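A short worksheet on the structure shown next.
The values are calculated or read from the model by the stated rules, or taken from the named source; none is laboratory data. The model shown is predicted, which means the values in this text are computed figures rather than measured ones. When we count neighbours, we look across all protein chains shown, and the Cβ atoms used for this are built from the backbone with ideal geometry, even at glycine.
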Amino acid sequence: MATNDLSEEMGMLSLLDRYKSQEKIESGFRLLKDPSFFANPIYLHTPHRIESLLMLKTVCIMIYCAVQHEIRTQLQRSGSQIRGHCNKLTNKSTAKYIFKLFRNISVIQTRVNKAIKQQLTKLAEEVNLVLKILGEDCLAMYQV
């Protein structure tokens with residue numbers, strides 16, 4: 001391997017690590033091409049609005065990758081596994097699959113006298129596990 005970066009001395013292992021880490025970044029941009037993340041076409045005419053949309057998409061990719069990294073790290077740390085997209089147990093589930101788990105959650109609102117009571121439908125075991133992994137704030141948000 002070779003590099004044209006002359007500003008610092010880089011060992012072969014460091015160079016190889018940097019090369020391999022490119023895949024992590026490129027996988028984030030692969031999301032931009034994934035049909036499940038498409039929205040309706042947006043036509044922007046000014047450079048400022050185009051830059052704003054790109055910045056927003058970049059922030060979304062960063063959040064997506066952070067959630068995926070946190071879930072994978074906590075699954076490995078706890079020795080837990082959840083079903084992946086092929087219905088096989090894994091500790092390296094994608095954030096895309098994790099987000100699909102949350103699609104089936106519904107809120108039921110009932111009115112008793114003048115008060116409105118909200119209640120979530122029963123959460124799947126995998127959703128409960130993900131919420132526990134993400135921490136107390138998430139558990140409280142989903143009333144678990």
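In this structure, is Cys60 surrounded by 10 or more Cβ atoms within 10 Å (Cβ to Cβ) and closer than 26 Å to Ser21 by Cβ?
yes
Given the options Lys92, Lys96, Lys100, name the one that is within 20 Å of Met141 (Cβ to Cβ), within 17 Å of the chain's Cα centre (by Cα) and charged (D, E, K, R).
Going through Lys92, Lys96, Lys100 in turn, just one is within 20 Å of Met141 (Cβ to Cβ), within 17 Å of the chain's Cα centre (by Cα) and charged (D, E, K, R): Lys100.
How about the range 110-120: which of its residues are of a type in the set (S, T, N, Q) and within 16 Å of Met141 (Cα to Cα)?
Residues satisfying the conditions are Gln118, Gln119.
Within the range 87-121, track down each residue that is within 29 Å of Gln76 (Cα to Cα), surrounded by fewer than 10 Cβ atoms within 10 Å (Cβ to Cβ) and touching a Lys or Arg at 6+ places or on another chain (Cβ under 6 Å).
none
State all residues of the range 64-87 that are more than 12 Å from the chain's Cα centre (by Cα), modelled with pLDDT of 85 or more, of a type outside the set (Ser, Thr, Tyr) and within 17 Å of Ala124 (Cβ to Cβ); if no residue qualifies, say none.
Leu75, Gln81, Ile82
Only helices (runs of 4 or more DSSP H) wholly contained in the range 75-144 count here; list those with 3 or more residues that are farther than 22 Å from Asp34 by Cβ.
125-134, 136-141
Taking Thr46 as meeting all but one of (1) surrounded by 11 or more Cβ atoms within 10 Å (Cβ to Cβ); (2) farther than 30 Å from Ser21 by Cα, write down the number of the exception.
Unmet condition: (1).
Pick from the range 33-53 the residues that are hydrophobic (A, V, I, L, M, F, W, C) and in a loop (DSSP other than H, G, I, E, B): which of them is modelled with the highest pLDDT?
Leu44
What pairs come out if I take residues in the range 66-82 that are at negative phi and pair them with residues that are of a type in the set (Gly, Ala, Ser) whose C-beta lies under 6 Å away, six or more apart or interchain?
Final answer for the pair search is Val67/Ala95; Gln68/Ala95; Ile82/Ser93.
Leu56 passes all but one of (1) at pLDDT below 85; (2) within 16 Å of the chain's Cα centre (by Cα); which number fails?
The single condition Leu56 does not satisfy is (1).
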